[in-house]
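The values are calculated or read from the model by the stated rules, or taken from the named source; none is laboratory data. This is a predicted model, so every value here is computed, not measured. Cβ coordinates were reconstructed from backbone atoms using ideal geometry, including for glycine residues, and neighbour counts include every protein chain displayed.
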Amino acid sequence: MALKTQSLSPSKRGRIGTSLSEINVTPFIDVMLVLLVIFMVTAPLMQSGIGVNLPQAETESAPAEEGLTITITKDRFIHMGDSVININLLERKLKEHFAGKPKKIVFIRGDEDIPYGFFIDTLDIIKKAGVDTVGLLTELEELNRRTRKR
């Protein structure tokens, strides 16, 4: 805060000075720019997906917008959205998710290294939950892509 000093004349002896009511915005702008840089650097780091090595096929499959995608990692973790679901609670979570919805569609993104028995157990639970349609997601096979382009 700055003071404006005035010369003391005989008529203004009781008045010493007035304060300026202006805010210095330079430090505020500096702080905002630092925060902007921090958010720009950390935002891409926060968007990490679930690491799954999908099996490759000659045709590429992509989920429809209306279905639910479940991801199964090679460590036997089941991901429904951003949360990890225990296989024992999967049926109840699916019933809660599809309650009141006419179409019950689930897409499974399964790592190619998961045991076949665990995959069948998961598929059985999904069917018990009343899901009408189950789709399997794959990646387009790299070798076939290269040979077709030649």
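Odds and ends about this structure:
- In region 84-93, residue surrounded by the most Cβ atoms within 10 Å (Cβ to Cβ) [restricted to those that are part of a loop (DSSP other than H, G, I, E, B) and free of Cβ contacts under 8 Å to residues at least 24 places away in the same chain]: Leu89
- Residue, nearest to Thr133 (Cα to Cα), within region 70-79, restricted to residues that are out of contact with any Leu (no Cβ under 7 Å at 6 or more places or on another chain) and buried (at least 17 other Cβ atoms within 10 Å of the Cβ): Ile70
- Top-ranked residue in region 94-132 [being free of Cβ contacts under 8 Å to residues at least 12 places away in the same chain and within 21 Å of Glu66 (Cβ to Cβ); ranked as surrounded by the most Cβ atoms within 10 Å (Cβ to Cβ)]: Lys127
- Across region 44-82, the qualifying residues are those that are modelled with pLDDT of 85 or more, in a loop (DSSP other than H, G, I, E, B) and not hydroxyl-bearing (Ser, Thr, Tyr), and the one among them that is nearest to Ala99 (Cα to Cα) is Phe77.
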